[in-house]
Amino acid sequence: MKVPTAILTLIVGILITLASLWVGQNNGLLLPTAAAAEAVEIDTLFAAMMAIATGLFLLVQGALLYSFFAFRRRADDQTDAAPVHGNVSLEIVWTAIPAALVLWLGIYSFDVYQSIDSVGTMGANHMAHKHEEMEMVATGESISTSSIGGNSILIADQGNAPNSSTSPAVATDIVEPLVVNVDGLQYAWLFTYPDTGIISGELHLPVNRPVTLNISARDVIHAFWVPEFRLKQDAVPGQVTHLNFQPTVEGTYPVICAELCGAYHGAMKTRSIVHSQVDYKAWVDSQIVANADSEAIAHMQDPPPTLEQHAAMMGMPDHLHDHTLSTLHPHLAQATAN
C-alpha cells in the first residue's frame, strides 16, 4: 500500500517539528550556568534559535539525502536527465519562509535587547517584583512598581489593603544599583568602585543587587564578556559604554576579552566573584583596610616602594607598566615620589 505524498509530507513535517522543539528545550549542556537575571531571556532566545536551526538542518539535510538516493544514476542508465526550468511556487516558499524567520528573530532579539538594556536594569525590576510578591502575600496590599532615575521604587497603595486608612503610603524599599567603572587595557581588566575608591583586578559583586558597569578602554578596543551572565559589551577608547544586569547565583566566573586586542589577547582574563551580601561587605571592608595600610607603608618605607609594589598590595595585575599605573591611580605615583 502506497502512502499518499501529502500524508507522508505531513508526517515528516510533524516529526521535524517535534525534533526541533525537543532540541530547543533540551540544550542545557551547550550553555554554562545562568548566573544573572538577564540570562533567562537570553536563553529563551537561544532556545528559539536552536529550534529553528534544527528544523532547517533536518529539512535541508533530509532533502539532500533523499535526492542522493532517489535520483542517483542507475548503472544501466546512459540517458540525460530531463531538463527542468524551475518551480516558481517552491522558490517563493523557500524564500518567504526564511525571510519571515529572519524578520521575526530580528524583532525578538531587539525586544530582548531593549528589555535588558533599557533605562534602569532588569535586575532592579526583578527584585522589585520579588518584594512586591512578598509584600502582597504578607499584607494583602496592592503594590505597584515605578522607576525613577534608574532605580526601582515600590509604591504601596494601602487604601486597598484590609483595615487600612485611605491615604496611600510610599514604601522605603529602593534598589540602588552598584556602579563599577571598568577599564580595559593591554592585557588586563581594572575595576574601580566610585563609592569606596577601591581598585581591583577582579570584579566583586553582591548577589541579587543590580549592577551598572561603565566600560572604557585605555588603548585599543576590548570586549567585556562573562559567559555565565550572557552579556558582552565593547570597551572602546574615547567613549564609555554601559552594561546593566543583576547577578543571581553566587560563584566565581571568568571575565574574558572577546575582541582581538593584541599579541597576548588570550591571556587577558580575570574573575568575576559573586558574593553573598555579608561576604561582599567583608570584602569591601578588607579592601579599604588594605588600601589604607598600603598608603601608610608607602610613606614609611625608605626607599619607597615602586608602582608595581603598590599595585601588588592593592591586588592589581602585576604586569602593568609604570606609566599605565600612574595614569590609572595618580596617588600611587605621588606616594612613590614622596
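Quick note: the coordinates plus some simple rules give every number you see, no bench work behind them. This one's a predicted model, so the numbers in the text were calculated from it and none came from an experiment. Every residue, glycine as well, gets a Cβ built from its backbone with ideal geometry; the counts of neighbours run over all protein chains shown.
Annotations for the structure displayed:
- Once both labels are positioned 7 Å from their Cα atoms along Cα-to-Cβ, the gap between THR33 and GLN277 label points is 2.1 nm.
- If R0 is taken as 41 Å, the Cβ-Cβ distance between THR44 and GLU176 corresponds to a FRET efficiency of 0.90.
- The simple Förster model, with R0 at 45 Å and r as the Cβ-Cβ distance, assigns TYR113 and THR79 a FRET efficiency of 0.20.
- Ordering HIS222, HIS242 by the number of other Cβ atoms within 10 Å of each residue's own Cβ, fewest first, gives HIS242, HIS222.
- Of the residues ILE107, ILE199, the one with the fewest other Cβ atoms within 10 Å heads the list, and the complete ranking is ILE107, ILE199.
- Note on ASP285 and ASP219: the extension gain reaches 20.6 nm, defined as 0.36 nm multiplied by sequence separation minus the Cα-Cα distance.
- Taking 0.36 nm per residue of sequence separation and removing the Cα-Cα distance, the LYS2/ASN87 pair yields an extension gain of 28.1 nm.
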